[in-house]
Amino acid sequence: MRIMKYTFISGIPASGKSYLAAKVAKAVGVLHVEIDDLREEMRDDMELRKWVDFFWDQDEVEYWKNTSCDQQWENLKNQSEAFWPAILKRIRKVQESENPAIFEGVNILPHLVATDLQFSGIILAGNSLKDIFERNKKEPRWGKTEELQRKEAEAFYNCEQPMYIAEAEKYGYHVFSDIKEAEKKLLEIFV
């Protein structure tokens, strides 16, 4: 009997989740399931559309000026919780196929995983604000100017990162700022 293995990678945007998931998935021959790819499907659901477009529907300058760190995290939590049934459905579908997989995305929050999944995973916290900013400039998530991309990177690193870490610690998931250490841990899962 073959034992199926699954893991997840979550953490702040621009921390290297997609890169790491693709690298490890290729090395061990498992699926890399990018949860962000579900967003286009979720846009068709009128109840989820609000959350798919939530950040893009905001005036970014005003958002960064008027939104506290706690509210930013609450917005991400609310979005993740709204998405969770669709994410969980995708995870279950992959599990039914009996293909080992790495599930990766920012909306896989530790409190959600701890409730519904019986496999381990890791949180990527980002190595430094400078690295997050450089990655964000190369592939901007939201900001159209370098100044807004910097504000976004600062929010990821200074605001969201401590929240991910606190949740990960509360629910017993490993947190990594060093991507090489994270890679070692993921490879252990599939050995």
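Key figures for this structure:
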{"item": "Charged-residue dipole, Cβ positions (Lys, Arg, Asp, Glu), segment 117-191 about Cα centre, Debye nearest 20", "result": "160"}
{"item": "Estimated vicinal HN-Hα couplings, Hz - segment 108-114 in sequence order (Karplus 6.51, -1.76, 1.60; Gly, Pro = x)", "result": "8, 8, x, 5, 6, 4, 4"}
{"item": "Rounded to whole Hz, the Karplus (6.51, -1.76, 1.60) HN-Hα couplings of segment 126-132, x for glycine and proline", "result": "x, 6, 7, 4, 4, 4, 4"}
{"item": "Cα-centred dipole magnitude for the chain, charges only on beta-carbon of K, R (+1) and D, E (-1), debye, nearest 20", "result": "680"}
{"item": "In segment 91-191, the trypsin sites (Lys or Arg not before Pro) that fall in loop regions by DSSP, at most 14 other Cβ within 10 Å", "result": "LYS144"}
{"item": "Rg over Rh [alpha-carbon atoms, Kirkwood Rh] for segment 79-186", "result": "1.00"}
{"item": "Least to most buried among CYS159, CYS69 (fewest other Cβ within 10 Å first)", "result": "CYS69, CYS159"}
{"item": "³J(HN,Hα) computed for each position of segment 144-159 - Karplus, 6.51 cos²θ - 1.76 cosθ + 1.60, integer Hz, glycine/proline x", "result": "8, 10, 4, 4, 6, 5, 5, 4, 5, 4, 5, 5, 4, 7, 8, 10"}
{"item": "Estimated inter-spin distance, HIS111 and GLU34, nm [label 7 Å along Cα→Cβ]", "result": "2.9"}
{"item": "Computed lengthening from ASN99 to TYR19, 0.36 nm per intervening residue step minus Cα-Cα distance", "result": "26.8 nm"}
{"item": "Candidates PHE176, PHE83, PHE119: whichever shows maximal mean-square fluctuation once the chain is modelled as a Gaussian network with Cα springs under 10 Å", "result": "PHE119"}
{"item": "Equivalent ellipsoid semi-axes - Cα gyration tensor, segment 1-147, angstrom", "result": "28, 19, 13"}
{"item": "Length-normalised contact order of the chain in % [C-alpha pairs under 8 Å, at least 6 apart]", "result": "37"}
{"item": "Amide hydrogen neighbours beyond the local backbone of VAL175, cut-off 5 Å, H modeled", "result": "ILE123"}
{"item": "Centroid-to-centroid separation of segment 122-152 and segment 33-73 [C-alpha atoms, Å]", "result": "17"}
{"item": "SER68-LYS130 FRET efficiency (beta carbon distance; Förster radius 30 Å; 0.05 resolution)", "result": "0.80"}
{"item": "Residue among GLN72, GLN95, GLN118 with the largest mean-square fluctuation in a Gaussian network model of the chain, springs linking Cα atoms under 10 Å", "result": "GLN118"}
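Values quoted throughout were computed directly from the atomic coordinates according to the rules given, and no laboratory measurement underlies them. On a predicted model such as this, the values are computed, not experimentally measured, just so you know. Positions of Cβ are backbone-derived with ideal geometry, glycine not excepted, and every protein chain shown enters the neighbour counts.
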